Every structure is written in structure tokens, then in C-alpha cells.
1. Where residues in the range 106-118 are polar (S, T, N, Q) and modelled with pLDDT of 85 or more, which of them is nearest to residue 31 (Cα to Cα)?
2. Which residue pairs have Cβ atoms under 9 Å apart, sit 6 or more places apart or on different chains, and have a first residue in the range 18-30 that is at negative phi and a second that is of a type in the set (Gly, Ala, Ser) and surrounded by 10 or more Cβ atoms within 10 Å (Cβ to Cβ)?
3. Filter the range 24-41 for residues that are within 21 Å of residue 58 (Cα to Cα) and charged (D, E, K, R); which is surrounded by the fewest Cβ atoms within 10 Å (Cβ to Cβ)?
4. Before we move on, is residue 103 closer than 21 Å to residue 45 by Cβ, acidic (Asp, Glu), over 13 Å from the mean Cα position of the chain (by Cα) and not in a helix (DSSP H, G or I)?
5. Return a yes/no flag: does the range 18-26 have any residue that is hydrophobic (A, V, I, L, M, F, W, C) and assigned to a helix (DSSP H, G or I).
6. Taking into account only those residues within the range 73-105 that are over 21 Å from residue 6 (Cα atoms), at pLDDT 90 or above and of a type in the set (Lys, Arg), which is surrounded by the fewest Cβ atoms within 10 Å (Cβ to Cβ)?
7. Give the residue that is nearest to residue 106 (Cα to Cα), with candidates limited to residues of the range 3-17 that are aliphatic (A, V, I, L, M) and free of Cβ contacts under 8 Å to residues at least 40 places away in the same chain.
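The values are calculated or read from the model by the stated rules, or taken from the named source; none is laboratory data. Worth saying up front: this structure is predicted, and the values here are computed from it rather than measured. Every residue, glycine as well, gets a Cβ built from its backbone with ideal geometry; the counts of neighbours run over all protein chains shown.
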Amino acid sequence: MSYASPNGVARELARIAKQQIQKQYGKFPIKMNDKTSLANITADGQYIIYDYLYKNSSQKFTPEILALYVQMIFDKRTCENSDFVSLFQDNDLQFVYRYTFNDKKTMFVSFRIDEVCN
């Protein structure tokens, strides 16, 4: 892949991820379980943003608990793909998981791939 900037890489990865998920599961929002739906995948600068809707109050969560949850659900098979990991490292890309709760509050968890793959 050859892109002019890390921003271009982020946009392309977000586009590919969104396209693949829609092929497999249909249109967004995609229900993941009784409480969580994936609403969209976008890019902003060097961030690939996964927007989730969560059916619960934000008062039950702290950023630390949410960060642990995100790390638990991150696909460890992705970490075994050295080309994918180096693409993120070389372009200083980050994942952002954005949760919007029933009470309309939003929490963010952002991380670099090496934070969850090491």
C-alpha cells in the first residue's frame, strides 16, 4: 500500500473494515449482543474510529473499566499479523472505540496496536 500520508492509510483501512463488516453482517448499526451495536467505522486524521451504541447508563462505567473491556474484545489473531501491526506502527495509527450510552454520554478509549499486542 502506498498512500501520501498516515491519514490516507487510516481512511483506507476504515473504508475496508466498514466494507468487509457490511458484506458479512449487513447495514449499520450491527447488533453485537443484547447491549452493544456497532454504529459506524470512520477515520479522523490518524485515528480509526469504531462507534458503538451501548444500552446502559454511562454511570456504571469508568474509562479504566472501558479500556479493560476493549482490550478483552480486541482480536488477538490480528496481533499475529506482523504486516498489519507494522502498518499501524509505521504510520502511528490509533484505534478509537467510542461508546455512546443510553443517557447520551460518550466515552472514548484510544490505543495504539502495540499497547494491546504486547
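1. Only one residue tops the list, namely 106.
2. 28/37; 28/39; 29/37; 29/39; 30/37; 30/39
3. Restricting to residues being within 21 Å of residue 58 (Cα to Cα) and charged (D, E, K, R), the top hit is 34.
4. Values: closer than 21 Å to residue 45 by Cβ: no; acidic (Asp, Glu): yes; over 13 Å from the mean Cα position of the chain (by Cα): yes; not in a helix (DSSP H, G or I): yes.
No; evaluated as a whole, the condition is false for this residue.
5. Of all residues in the range 18-26, those hydrophobic (A, V, I, L, M, F, W, C) come to 21.
Then drop every residue that is not assigned to a helix (DSSP H, G or I), which leaves 21.
Yes, the range 18-26 contains a residue that is hydrophobic (A, V, I, L, M, F, W, C) and assigned to a helix (DSSP H, G or I).
6. Here the residue is 104.
7. Going residue by residue through the range 3-17, those that are aliphatic (A, V, I, L, M) are 4, 9-10, 13-14, 16-17.
From the residues that got through so far, the ones that are free of Cβ contacts under 8 Å to residues at least 40 places away in the same chain too are 4, 14, 16-17.
Details: 4: 32, 14: 21, 16: 25, 17: 22 Å.
Residue satisfying both the conditions and the ranking: 14.
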